[in-house]
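Trainee: The structure under discussion is supplied below as structure tokens; questions concerning it will follow.
Please treat every number below as a calculation from the coordinates, not as lab data. Only a predicted model underlies this, so the values are computations on that prediction, with no experimental measurement involved. Positions of Cβ are backbone-derived with ideal geometry, glycine not excepted, and every protein chain shown enters the neighbour counts.
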Amino acid sequence: MISEAVDLIQNSKKLIIYSHHDSDGIASAGIALFVIKRLGLNYEIRIRNQLSIEDITGKEEEIYWFNDMGSSKVNEMKNIKGIITDHHNPAIMDNFIQDNGNKIYQFNPHLEGLDGSISQSGSTTTFLFSMNIIQEVIAVSHLSVIGSVGDLHDKKFGRLVETDREVMNLSKEVGIIEPKNDIRYFGRSSKPVSYMLRFGNDPKINSLYDRPDAVYGLLERMGIPRKMANSTRWVDISEEKRKNIINELLYLLEKEGGEKNRLTGEVYELKTEPISSVLKDARDFSSIINATSRKGNPEVGVKLCLFERGPVLEEAMKLYSDHTETLRKASRFLDEMQGKVMGIIHYYDFGSNLENNITGTIATRIITHKKIPKESVVIVMADIEGSKKISGRISLDLSEKLDLSLIFRDAAELVGGSGGGHRNAAGAMIPNGKEYDFIKNVNKIIEGIIKPSQ
Ligand SMILES: [Mn+2]
């Protein structure tokens, strides 16, 4: 079956690449593009938040390659000839789909009995399939790592696991990725150390989180004066000083009863980037390409994936700081906003006050930052052209009991919308005005599965 899928790509006259708009999707697009350019194929690339009806209705002369998306819509596809390399929950559990004029080869970890939300990202899936087309794709194996950490696949265990890990190891063997044991806070190579410690939140240190004076004080005691703290990145600091800071943070966590064991873990650096590069840390790389897409220029992110620098990197960094600003504004708004509660659901309707492509980011923030019970379902909504865009998140513990992608799918269908995603992170699109019914449906389904604890 793989060889037939490979043939389909190799013999295509016009190849349309669809890819998801987050960093995993952009990294997947980078991998697919690397392959297509080597093969010299005629292609077009389309980055999408969600697939529309037109997107999933095929044209005779076109071959399609869906990356990090497609599986949750495969039951609605018509006349599509092509490939899906995805890790979202598939609507049809089959490797080969040929109803409705389709001829689709679907590659998805869920079909192999793996949990796609943690073991194999979209970019890892694209990479593994691509290895069957052209071995040279190993030159962009780091994109699989970037996509995997972008989807937080390293969050649960503090390191990548299963298939994501196998590809990471492969990338290490060929001298591209270098795994290190270090602090797991975001911003090691793209943010000043003062920022990294101020907003580091996994684990959260209450005496430092968003307390700039406390952060500067700590760094000063460690021999890093305020001015330097605003210009030096974590990766620039000597190993000895880093060790001392980590010990200090561990001491604070111990005192506060925080999650000490989450502070350090595996992080991934690119050997191919100079130490001065903001792209040195895979997670930072991932955040930067994510920002290019959220700010409407995903092609900049794809170019970064394919080694373009100079003005491309400059443009990316501009978008990155814009995106950081948007998130800062949304967080401030969020601080003042009270969510509504139904059962274990905490829901927030931002209406038109939120850029509708960051509902997922905000939902993640709420589940990490806001003081809500450990077993909660967070739902964030925003307006989008007559519809409601909905993102949901649940804690990892709760995702062992609930599969949010299935709950969202069923609850959305009942109100004339559609939904899907992962066990712990899902999305839906429903008609405007149906949001309360949707929440009620979600609540009802959840109550049917678990009894809410008091
Ligand atoms: Mn993904």
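Trainee: 222 nm [θ] for the chain, helices only, -39500 (n - 2.57) per DSSP H run of 4+, per residue, to 500?
Mentor: Dividing the helical sum by the residues of the chain leaves -12000 deg cm²/dmol.
Trainee: Which whole number of Å³ per residue matches the convex hull of the alpha-carbon atoms in segment 2-153?
Mentor: Spread over its residues, the Cα hull of segment 2-153 gives 88 Å³ apiece.
Trainee: What does the charge count around A91 come to, taking other residues whose C-beta lies under 9 Å from its C-beta (Lys +1, Arg +1, Asp -1, Glu -1)?
Mentor: Spelling it out: positives minus negatives among the neighbours equals +1.
Trainee: Provide the packing ranking of 35-46, 396-407, i.e. peptides ordered by the mean count of other C-beta atoms within 10 Å per residue, highest first.
Mentor: 396-407, 35-46
Trainee: Shifting gears a bit: Can you give me the long-range amide H partners of Q106? Hydrogens built in the peptide plane at 1.01 Å from N, cutoff under 5 Å, separation of 5 or more residues or another chain.
Mentor: Placed amide hydrogens put I84, F96, I97 under 5 Å from Q106.
Trainee: Sorted by mean Cβ packing within 10 Å, highest first, what order do the peptides 115-125, 185-195 take?
Mentor: Packing proxy ranking, top to bottom: 115-125, 185-195.
Trainee: Anything in the chain that counts as a DSSP H helix reaching 30 Å or more along its axis (C-alpha) with Kyte-Doolittle mean of at least 1.6? List them, would you?
Mentor: none
Trainee: To continue, here is another question. Please list, or write none, the lysines whose alpha carbon is within less than 17 Å of the alpha carbon of K303, excluding same-chain residues fewer than 8 places away.
Mentor: Of all the lysines, those that pass the test against K303 - Cα under 17 Å, at least 8 places apart if same chain - are K37, K280, K295, K318.
Trainee: Return the percentage of antiparallel bridges among DSSP beta bridges fully within the chain, rounded to the nearest 5 %.
Mentor: Within the chain, antiparallel bridges account for around 55 percent of the total.
Trainee: I'd like the Kirkwood hydrodynamic radius of segment 136-227, using the inverse of the mean 1/r over distinct C-alpha pairs, in Å.
Mentor: Computed over Cα pairs of segment 136-227, the Kirkwood hydrodynamic radius comes out at 15.0 Å.
Trainee: If the cut-off is 18 Å between C-alpha atoms, which aspartates and glutamates fall inside it for K329, apart from same-chain ones fewer than 8 positions away?
Mentor: Leaving aside aspartates and glutamates fewer than 8 places away in the same chain, those within reach of K329 are D210, D349, E355, D383.
Trainee: Lysines within cross-link reach of K440: Cα-Cα under 28 Å, excluding same-chain residues under 8 positions apart?
Mentor: K73, K340, K370, K371, K374, K388, K389, K401, K451
Trainee: Give the relative contact order (percent, whole number) for segment 2-153; include only Cα pairs under 8 Å separated by 6+ residues.
Mentor: Relative CO of segment 2-153 lands at 26 percent.
Trainee: Could I ask something else about it? If you build the Cα gyration tensor of segment 290-433 and take the root of 5 times each eigenvalue, what three semi-axes come out, in whole angstrom, biggest first?
Mentor: Ellipsoid half-lengths, sorted descending, are 29, 17, 16 Å.
Trainee: Something else now. Under a crude label model (7 Å from the Cα following the beta-carbon direction), how far is K260 from N206 in nanometres?
Mentor: The answer from the label model is 1.8 nm.
Trainee: Using only the Cα atoms, what convex hull volume per residue in Å³ does segment 202-293 have?
Mentor: 123 Å³
Trainee: Can you grab the distance from the C-alpha centre of segment 181-199 to the C-alpha centre of segment 296-361, Å, no decimals?
Mentor: Using only Cα atoms, the two centres lie 19 Å from each other.
Trainee: For segment 257-273, in order, what is each residue's ³J(HN,Hα) by Karplus, 6.51 cos²θ - 1.76 cosθ + 1.60 with θ = phi - 60°, in whole Hz (x at glycine and Pro)?
Mentor: x, x, 7, 3, 5, 8, 5, 10, x, 7, 10, 10, 10, 9, 5, 7, 9
Trainee: Bin width 20 Å, alpha-carbon pairs only: give the P(r) of the chain as whole percents, running from 0 to the bin holding the largest distance.
Mentor: The calculated distribution, bin by bin, is 25, 58, 17, 0.
Trainee: May I ask you to evaluate 6.51 cos²θ - 1.76 cosθ + 1.60, the Karplus curve with θ = phi - 60°, for each residue of segment 416-422 and list the ³J(HN,Hα) values in order in whole Hz, giving x for glycine and proline?
Mentor: So the J values, rounded to whole Hz, are x, x, 9, x, x, x, 10.
Trainee: Provide the gained length on full extension for the span L111 to E314, in nm with one decimal, where the gain is 0.36 nm per separating residue minus the Cα-Cα distance.
Mentor: 69.0 nm
Trainee: Separate question: Run the numbers for M228 and I134: contour at 0.36 nm per residue of separation, minus the present Cα-Cα distance, in nm.
Mentor: So the extension gain works out to 29.2 nm.
Trainee: Ok, one more. Take peptides 358-364, 307-313 and line them up by average Cβ neighbours within 10 Å, highest first, as a rough protection proxy.
Mentor: 358-364, 307-313
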